[in-house]
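A quick write-up on the structure given underneath.
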Amino acid sequence: MIFFYIIALIPIIIGTVLFCASKKVCWQEWVGGSVCALLISAIMHGIAIHSMTDDVECWSGKITHACHFPRWVEEYQQRHETTYTTGSGKNQRTHTRVWYTTEHATHSEHWEAYLNFGTCSEDKEISEKLFNEIRVNFGNVIEDGGKQWCTYGGHRYSGDNNVYRVPNKTEYLYPVTTTKHFVNRIKAAPTLFSFIKVPTNIPVYNWPENGNWMQSDRLINESRISVLEFDRMNSRLGPIKLVDVCFINFGNRGSEIARYQEAKWLRGKKNSITLCYGQLNTNNIPGWSVCFGWSNSEICKRNLETTLITHSVDNNILPLVEKEIKENYKIKKWSDFDYIKINPPTWAYVTLIILMIITQTGFFIWANTNEFSKD
């Protein structure tokens, strides 16, 4: 990492020589060029680290309530001002004229769902159809949600600026997901953990993107388990255990495929735990199971593997998995990986050198040709 700043020292030294040798380069320009060189190095340093360690993980939660915002028209006073001068010389005066006009702003009708993930919350704009579905499943109760926000201290001109809130009176569970960024130093140095090389002909899966916030992709190649019930399990576990559970059914393939999958995913995200299984018999009981994740809760992983190979894979297995994770799972302390040293890629150094040559050459050409000098 220090090489980023060694590169910055080269134009600083050159700038110092030019400052001493040329009357055209003043001290302000020398300082400006030096600061510019260090700033470019710092920015490239940050970009290199971010590109190598930025990662995303999936969080699970639920819809807590929904709101209806009717269409309304707001009336407010808009301030205007103009400046003009009168007189000349010592008698010149500057005047400011202020006036107000009555304006109107239309606020469109919309509906929102409010999501809770335990340690954070979000809101999503939803359709009227989904709002009505939520309203029915939450008990058809509508509460006063207050007034809609008024800009510039305005007030209602027409329409309804009340907010209509639908709370959950029935404990009906709508599972939801979101993605959160985190620093994953393992991505920058995977060789430290001896992951096996995945051949190109091995059919492993990409990490589930969960593009639909109301239905995840974490149940891979498994049709016997309801996606809704699987997501509900995650929505109960996520906020309290900080875990993201994924199932993968590898069909008739042997257990070695699970190790390739683990290598492909670099064992997963910091909050993930993945259950792989295959070779199901006529009772849908797997012939093998492998559980992997960064958690140090090895007893939990082994118990989950045992659960899979002793029970039929269907919705009935979900309570057993949920119970085991609640009792024995503990998320990995991610600061344990702070010791990993990150070596920036070659492209970052090449880009920095090119940028440094272009910006510093341009800057000092300007410094030697502009109207400023030591005098």
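Values quoted throughout were computed directly from the atomic coordinates according to the rules given, and no laboratory measurement underlies them. Note that the coordinates shown come from a computational prediction; the quantities given were computed from them, not determined experimentally. Cβ placement follows ideal geometry from the backbone for every residue including glycine, while neighbour counts extend to all protein chains displayed.
General remarks:
- Whole-Å distance, taken between Cα centres, linking the range 124-169 and the range 17-93: 36
- Using alpha-carbon coordinates, inclination of helix 298-310 to the longest axis of the chain, degrees: 40
- For the chain, the fraction of alpha-carbon pairs in successive 10 Å shells from zero, as %: 4, 16, 17, 15, 16, 16, 10, 4, 1, 0, 0
- Straight-distance crosslink candidates among lysines, where the alpha carbon sits under 16 Å from residue 169 and sequence neighbours closer than 8 are dropped: 62
- Compactness of the range 190-336, taken as the C-alpha radius of gyration over 2.2 N^0.38 Å, stands at 0.99.
- One equal scatterer on each Cα of the range 1-120, no solvent, Debye formula: the resulting log10 I(q)/I(0) at q = 0.15, 0.22 Å⁻¹ is -0.83, -1.22.
- Ordered by the count of other Cβ atoms within 10 Å of each Cβ, fewest first, 172, 260, 157 give 172, 157, 260.
- Straight-distance candidates among the lysines for linking to residue 301, with alpha-carbon spacing under 20 Å and chain neighbours fewer than 8 residues away dropped: 241, 264, 269, 270, 323, 326, 330, 332, 333.
- Across the range 61-167, the mean sequence separation of Cα contacts (distance under 8 Å, 6 or more residues apart), normalised by length, yields a relative contact order of 40 percent.
- Rounded tilt (10° steps) of 2-21 against the dominant C-alpha axis of the chain: 0
- The relative contact order of the range 230-375, computed from alpha carbon pairs under 8 Å that lie at least 6 residues apart in sequence, is 20 percent.
- Each Lys or Arg adds one and each Asp or Glu subtracts one; over the other residues with Cβ under 14 Å from the Cβ of residue 238, this totals +4.
- Reported value for the range 153-239: 256 Å³ per residue, from the convex hull of its C-alpha atoms.
- Placing R0 at 41 angstrom, the Cβ-Cβ distance between residue 358 and residue 191 gives a FRET efficiency of 0.75 after rounding to 0.05.
- For the chain, size of Cβ-based charge dipole, Lys and Arg +1, Asp and Glu -1, in debye: 920
- The stretch between residue 13 and residue 140, if pulled fully straight at 0.36 nm per residue, gains 38.4 nm over its current Cα-Cα span.
- In the range 297-347, taking the dipole from charged Cβ atoms about the Cα centre, the farthest positive-side position among 308, 321, 343 is held by 343.
- Acute angle (nearest 10 degrees) that the helix 128-137 long axis makes with the longest principal axis of the chain, alpha-carbon atoms: 40
- Going by neighbour counts of Cβ atoms within 10 Å, the residues 6, 353, 12 line up, fewest first, as 6, 353, 12.
- Each of 311, 80 was scored by other Cβ atoms within 10 Å of its Cβ. Arranged with the fewest first, they read 80, 311.
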